[in-house]
Amino acid sequence: MSEQTNHLLSLFGRLLHDPRFMMGLRMEQMSRKFQQRGARTGARGLLVLLWEKDGLSNAEIAEKLDIRPSSVTSQVKILEEKGFAERRVDENDARSSRVFLTEIGREQQTKKTERHTGVSEEIFGTLSSDEQNQLSILLEKLVNTGNYDDEWTAPDFDPREFRRVMTDMHRSAHDMKNEFRRAWREAKDEDWGMGSRRPERGIPRTDKDDWTDF
């Protein structure tokens, strides 16, 4: 590589060690995940679903999230406890109920969007509009010409060197994860009041119900 491309790699490496940048990447990753219905799990996935379509029945939720009815009950209860959703009797069938967002539940979508925008503005706000457009064009060119779906083989491949690189990457990822969590704790309104908590008896708790990076 030339001195210039080496410098570019160095700059990208410094960005990837910036907690703000890592927080933004994590938020973008979560946003993309919840845009895919098949990837939505836990009470977070139900909240995103209700943002799209309010007033769903248990059966509709189970079908859209592809989960068991018992899981629907547990997830709805979590949202009720947080004040994000409530059950109401179905106007067309008094024997059944539907799940609706509360005002607080609707506000969470706005807060999430504002937080996402705030992080992106903090990272790229120092660039002018023209500079942001130029950067966008350049990054899109890299993404579109990178052949990321193809198998890549490093030149002069050495298995020992590969293991060393992977070990360094794993260590860096661990360090960045700790930095991300530290930065997240310091952020204002860090979890919308949805931080980790012990589940009540009878409500299953999985790692997918951790709201701290939602």
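Side notes on the structure shown:
- The residue pairs whose first member lies in segment 83-106 and is on the phi > 0 side of the Ramachandran plot, whose second member is modelled with pLDDT of 95 or more and exposed (fewer than 13 other Cβ atoms within 10 Å of the Cβ), and whose beta carbons are closer than 9 Å, counting only pairs six or more residues apart or on different chains, do not exist in this structure.
- Residue match in segment 141-151 (condition: aromatic (Phe, Trp, Tyr), under 22 Å from Ser31 (Cβ atoms), at pLDDT below 95 and assigned to a helix (DSSP H, G or I)): no
- Of note, Leu79 does not satisfy the criterion of being touching a strand residue (DSSP E or B) at 6+ places or on another chain (Cβ under 8 Å), touching a residue at least 60 places away in the same chain (Cβ under 8 Å) and closer than 27 Å to Leu25 by Cα.
- Scanning segment 98-119 for residues that are charged (D, E, K, R) and at pLDDT below 90 gives Lys111, Lys112, Glu114, Arg115.
- Put simply, of Glu91, Glu121, Glu107 the only residue that is over 22 Å from the mean Cα position of the chain (by Cα) and either within 15 Å of Gly55 (Cα to Cα) or not basic (Lys, Arg) (or both) is Glu91.
- Qualifying residue in segment 51-63 (condition: among the β-branched types (Val, Ile, Thr), surrounded by 12 or more Cβ atoms within 10 Å (Cβ to Cβ), touching a residue at least 60 places away in the same chain (Cβ under 8 Å) and farther than 29 Å from Leu16 by Cβ): no
- Candidates Leu56, Leu46: the one that is at pLDDT 90 or above, under 15 Å from the mean Cα position of the chain (by Cα) and on the phi < 0 side of the Ramachandran plot is Leu46.
- Taken over segment 1-23, the criterion of being over 22 Å from Arg171 (Cβ atoms) and not hydroxyl-bearing (Ser, Thr, Tyr) is satisfied by Met1, Glu3, Gln4, His7, Leu8.
The values are calculated or read from the model by the stated rules, or taken from the named source; none is laboratory data. Here the structure is a predicted model, which is why all the values come from computation and not from measurement. We place every Cβ from the backbone using ideal geometry, glycine too, and count neighbours over all the protein chains shown.
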